[in-house]
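Trainee: The structure under discussion is supplied below as structure tokens; questions concerning it will follow.
The values are calculated or read from the model by the stated rules, or taken from the named source; none is laboratory data. In this text the structure is predicted, and so the values were computed from the model without any measurement. As a convention, Cβ positions derive from the backbone with ideal geometry for all residues, glycine included, and neighbour counts pool all protein chains shown.
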Amino acid sequence: MREWLRLQAEQGVDLLEEEKVISKKDGPTWWERFLNTQNKRKGQYDFSHEVKESMDECLACKACTTACPIKVDVPTFRARFLNFYYSQYNRPLKDYLVAGIENTAPLLAKFSAITNPVIKSSPVQWAIKKTLGYVDTPTPSHPNLAQRTATLEKFDLNKLEQLSEDQRRDYVLIVQDPFTSFYEAELVESFAKVVQALGKKPIILPFKPNGKPQHVKGFLDKFARTAKNSAAFLQQVSELDIPMVGLDASLVLCYRDEYNTVLGEQRGDFNVLLAHEWLGEQTFKQQVFEPQQSYVLLSHCSETTALPHSAKVWQTIFSALGLQLDPQATGCCGMAGTYGHELQNQENSSALYNLSWKAKVDNTEPAQLLATGFSCRSQVKRFAQYKPQHPIEVLAKVLH
């Protein structure tokens, strides 16, 4: 990356100014990008291609910002590099698919009874693999989230604003993300049951795109707009002083990290908690279960690197209910968002899974294995043929 920056400066390219030009859409035209891409295919050398190949190997786990002593934020400068690189060359179609997932997933989930059989069909899976370079494409939840949570109180900002401070303490607001809401609706349903079991009233907030997929693929202009809209909504809701809880670590951590970077003071001071952060502040009624009710926890790599004590909090929560939880140290499962779905990454994805996840999965009974990451559960399902539970799903079964 340093060499790339040096070469750009040597050629008189001011990358900070170029970013401004790109955001104003004053950069190379589509025709110029097309010609550059054709020259690339003909073998015209550009050191940027070598950097791009290296950046493609980033898992965006952010261990570099915490576990590494140097603490260089590789995912952030990768996103900025991709933003510049694809102002010069054509993007692959799969990048647009990933960046637009927060717009397409709600539609697919709404009509899951119709779309799922189509997506699962061999011809469509083959077409997705050949045209987009994606494999093992997940299907939306059926029944979908709206059907599973039809009896819950609907979000009404005006009504909540009229409640007294004491009345608002009875509520918990669930912040949606595209993965759990549209591909694991049962998890959102389970968390709502946990909230109710603790004497609170859950309300699911309207879905607002988070923008994380856009950031990962370097659509920085689109990400900035998405972040601005989402932050404005969450800031308005936060003034109710009602806890807001999200279920996917990578999306919640995006509110804390990438939002701060791109929005600065415009982000506001809203706070979205992860489930274990909110549950860790609650009081549980001691329950005693059979000794065999013990579980093994494998944590999401982004959550582990950013919040190293999260597994300990889950262990404390389970202990309060008379349940044994054994957190295991693991690296990345190899799915890492969409990384493990990309055809070009299949060998690496499998190798990463084999490094630390495979043995722990194989040595644990399916009913006892828990995983906090959506990507992690998807990866286990792919290689072990079953999907582990999230800790929340266990709590939903044991709390009354």
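Trainee: Restricting attention to segment 362-372, and to residues there that are assigned to a helix (DSSP H, G or I) and without any contact (Cβ under 8 Å) to a residue 24 or more places away in the chain, which single residue is farthest from Glu57 (Cα to Cα)? Can you show your working first?
Mentor: We begin by selecting, within segment 362-372, every residue assigned to a helix (DSSP H, G or I); these are 362, 366-368.
Narrowing the set further to residues that are without any contact (Cβ under 8 Å) to a residue 24 or more places away in the chain leaves 362, 366-367.
Working: Asp362: 27, Pro366: 30, Ala367: 33 Å.
Out of the qualifying residues, it is Ala367.
Trainee: Out of Asp257, Asp241, Asp248, Asp221, I need the residue that is crowded, with 21+ Cβ neighbours inside 10 Å and not aliphatic (A, V, I, L, M). Which one? Give the derivation first.
Mentor: Values: Asp257 fails: crowded, with 21+ Cβ neighbours inside 10 Å; Asp241 fails: crowded, with 21+ Cβ neighbours inside 10 Å; Asp221 fails: crowded, with 21+ Cβ neighbours inside 10 Å.
After ruling out the rest, the residue left standing is Asp248.
Trainee: Kindly state which helices (runs of 4 or more DSSP H) lie completely within segment 160-261 and contain at least 2 residues that are small (Gly, Ala, Ser), at pLDDT below 95 and touching a Ser or Thr at 6+ places or on another chain (Cβ under 9 Å).
Mentor: Ranges flagged: 249-256.
Trainee: Got a number for residues in segment 180-237 being closer than 23 Å to Gln282 by Cβ and touching a His at 6+ places or on another chain (Cβ under 7 Å)?
Mentor: Residues that pass the stated criteria total 2.
Trainee: Which one of Val21, Val74 is closer than 21 Å to Met335 by Cα and either modelled with pLDDT of 90 or more or not hydroxyl-bearing (Ser, Thr, Tyr) (or both)?
Mentor: The conditions single out Val74.
Trainee: State which residue pairs qualify: first residue outside the structural domain of Tyr85 (by TED's automatic domain parsing) and inside segment 19-32, second residue assigned to a loop (DSSP other than H, G, I, E, B) in any location, beta carbons under 9 Å apart, and separation of 6 or more residues or different chains.
Mentor: none
Trainee: Please enumerate the residues belonging to segment 98-147 that are closer than 24 Å to Ala336 by Cα, touching a helix residue (DSSP H, G or I) at 6+ places or on another chain (Cβ under 6 Å) and among the hydroxyl-bearing types (Ser, Thr, Tyr).
Mentor: Selection gives Tyr134, Thr137, Thr139, Ser141.
Trainee: Among the listed residues Leu297, Leu279, which satisfies the condition of being within 16 Å of Cys376 (Cβ to Cβ) and at pLDDT 95 or above?
Mentor: Leu297
This table checks each residue for (1) surrounded by 17 or more Cβ atoms within 10 Å (Cβ to Cβ); (2) outside any loop (DSSP other than H, G, I, E, B); (3) touching a strand residue (DSSP E or B) at 6+ places or on another chain (Cβ under 8 Å).
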site: Cys68; (1), (2), (3): no, no, no
site: Lys71; (1), (2), (3): no, no, no
site: Arg78; (1), (2), (3): yes, yes, no
site: Leu82; (1), (2), (3): yes, yes, no
site: Asp95; (1), (2), (3): yes, yes, no
site: Glu102; (1), (2), (3): yes, yes, no
site: Ala113; (1), (2), (3): no, yes, no
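Trainee: Which is touching a strand residue (DSSP E or B) at 6+ places or on another chain (Cβ under 8 Å) and in the same structural domain as Thr151 (by TED's automatic domain parsing), of Lys212, Lys217, Lys201, Lys228? Steps first, please.
Mentor: On the way: Lys212 fails: touching a strand residue (DSSP E or B) at 6+ places or on another chain (Cβ under 8 Å); Lys217 fails: touching a strand residue (DSSP E or B) at 6+ places or on another chain (Cβ under 8 Å); Lys228 fails: touching a strand residue (DSSP E or B) at 6+ places or on another chain (Cβ under 8 Å).
Within the list Lys212, Lys217, Lys201, Lys228, the selection yields Lys201.
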